[in-house]
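Notes to accompany the following structure.
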Amino acid sequence: MISFASFKPILIAAALTSVFFSASSQANQAPELPSFQQCIERLQQQARSAGVSEHTTTAILGQIKPLPKILDYDRSQPEFVQTFSGYFSQRVTNWRINKGREKLAKHRKFLEKLTRQYGVPAHYLLAFWGLETNFGGIKGKIPTIAALTTLACDQRRSAYFSEELMQALLLLERENLDPKHMVGSWAGAMGHTQFMPTAYMKYAIDGDGDGKIDLWNNEHDALASAAHFLQNLGWKAGYRWGREVLLPQGFNYQLAGKSSPQTLAFWAQQGVTQVDNKALDNSDLSAALLIPTGHTGSAFLVYGNFEVILRWNNSEYYGLAVGHLADRIRGQGALSKPLPDLPKYKVVEMQQFQVALNQLGFDVGEADGILGPATRKGVRAFQQSVGLIADGYPSTETIAAAKISVK
Ligand code: CA
């Protein structure tokens with residue numbers, strides 16, 4: 001049983017607000033935040049306008065109590081910058097590859113039918129399923145309506161979560177669900193494939209044909225829904241996500257980055273090959289080069305379907321993990337070389353580095369401590385300027401060079 005007595009994050013939010021306001025000459029008093037009950041009343045009005053029944057609005061939404069832990073999860077910040085090597089090795093595991101192959105054998109006929117219908121090959125559906133919930137092993141047990149209500153009543157992303165809550169209430173009614181069984185992640189993602197309520201309402205379908213759409217308990221519903229969702233996100237049938245590639249000696253790393261796609265023919269001209277040294281297709285297919293661990297690690301060319309994976313979860317690391325796990329489930333071998341063991345940075349160290357690069361005129365955007373595309377681009381430009389290999393990876397030498405330059 002969770003105690004609702006100490007709803008601390010609201011108090012913290014109030015404290016932050018008062019600090020903010022004390023800086024202005026006008027008010028020394030914090031404005032009153034709406035109480036949870038006032039927030040419920042606002043959400044009830046929104047629910048009625050969205051077409052939720054009076055019964056659900058009163059007997060379910062009206063009875064919700066906040067879940068304080070949810071805001072702790074929402075506010076928790078990692079201490080260290082996530083490295084690709086760490087992320088990837090925790091996700092593309094032998095267990096997931098083997099389990100994926102077992103599930104492929106178990107559902108083969110059904111998965112082949114989905115591929116014909118939606119254009120998405122089986123191994124990708126299994127990769128998403130494996131990464132999201134360990135093939136249904138970890139679906140989350142937090143009551144979805146209470147989680148979304150708590151987040152909707154918090155200031156940080158209130159509009160987004162209020163809308164997801166409305167969709168969750170409509171879903172509850174449409175599928176005649178018991179709220180006790182509507183559970184998932186702390187942020188409201190549900191079932192085998194961790195669909196948010198909006199995605200569930202729009203894209204979940206009845207895979208086994210029993211007249212119900214149950215992403216919690218029915219594997220065929222979950223797989224069919226994932227295929228349907230990916231088709232709607234723009235999956236192109238007949239294309240892969242991308243592939244690992246080999247770069248020639250003296251390669252110009254400034255060409256890397258998701259925002260600088262080129263044709264396969266262009267990459268072939270630059271001396272890029274498949275990992276078995278086979279030539280790339282001499283085609284005008286658009287592909288971007290990613291080198292997530294710098295020049296000592298693997299390089300990848302990613303195609304249009306990689307962008308589709310990022311529409312499911314907007315993270316290059318996630319996209320590479322889905323793509324490679326899919327290949328492995330299908331029978332392909334491991335990466336051509338082991339992932340390099342690179343230095344681990346604290347988020348504050350990465351932020352200091354970003355501030356230094358911005359000061360030096362190499363725009364990396366906001367100093368958020370995340371090694372994203374903008375940071376990599378700025379790092380490449382900086383490395384080029386000081387004569388380091390411009391691979392966009394903040395090596396020890398790169399960070400040291402920035403420290404010296406900024407003085
Ligand atoms: Ca069903």
- Check on Gly207, without any contact (Cβ under 8 Å) to a residue 12 or more places away in the chain, within 8 Å of the ligand (Cβ to nearest atom) and either assigned to a helix (DSSP H, G or I) or not hydrophobic (A, V, I, L, M, F, W, C) (or both): no
- Can you tell me which residues in region 211-239 are surrounded by fewer than 16 Cβ atoms within 10 Å (Cβ to Cβ) and either more than 16 Å from the ligand (Cβ to nearest atom) or of a type in the set (Phe, Trp, Tyr) (or both)? Asn232, Gly234, Lys236, Ala237, Gly238, Tyr239
- Kindly indicate whether Pro179 is more than 16 Å from the ligand (Cβ to nearest atom), farther than 27 Å from Pro394 by Cα and in contact with a Leu (Cβ under 6 Å, 6 or more places away or on another chain). no
- Only one of (1) of a type in the set (Val, Ile, Thr); (2) within 16 Å of the ligand (Cβ to nearest atom); (3) surrounded by fewer than 17 Cβ atoms within 10 Å (Cβ to Cβ) does not apply to Thr193, and that is (3)
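Under the condition of being part of a helix (DSSP H, G or I) and under 15 Å from Leu342 (Cβ atoms), which residue from region 384-407 is most open to solvent (accessible area, probe 1.4 Å)?
Only one residue tops the list, namely Glu397.
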- All but one of (1) open to solvent by 20 Å² or more (accessible area, probe 1.4 Å); (2) within 28 Å of Pro179 (Cβ to Cβ); (3) touching a His at 6+ places or on another chain (Cβ under 9 Å); (4) assigned to a helix (DSSP H, G or I) hold for Trp129; which doesn't? (1)
- Note on the structure: Of those in region 267-287 that are out of contact with any Asp or Glu (no Cβ under 9 Å at 6 or more places or on another chain) and not in a loop (DSSP other than H, G, I, E, B), the residue farthest from Ser336 (Cα to Cα) is Ser286
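The values are calculated or read from the model by the stated rules, or taken from the named source; none is laboratory data. All figures in this text were calculated on a predicted structure; none of them were measured in a lab. So basically every Cβ, Gly included, is an ideal-geometry build from the backbone, and we count neighbours across all protein chains shown. These area figures cover heavy atoms from the full protein model, side chains too; ligands, DNA and RNA do not enter into them. Shrake-Rupley method; radii C 1.70, N 1.55, O 1.52, S 1.80 Å.
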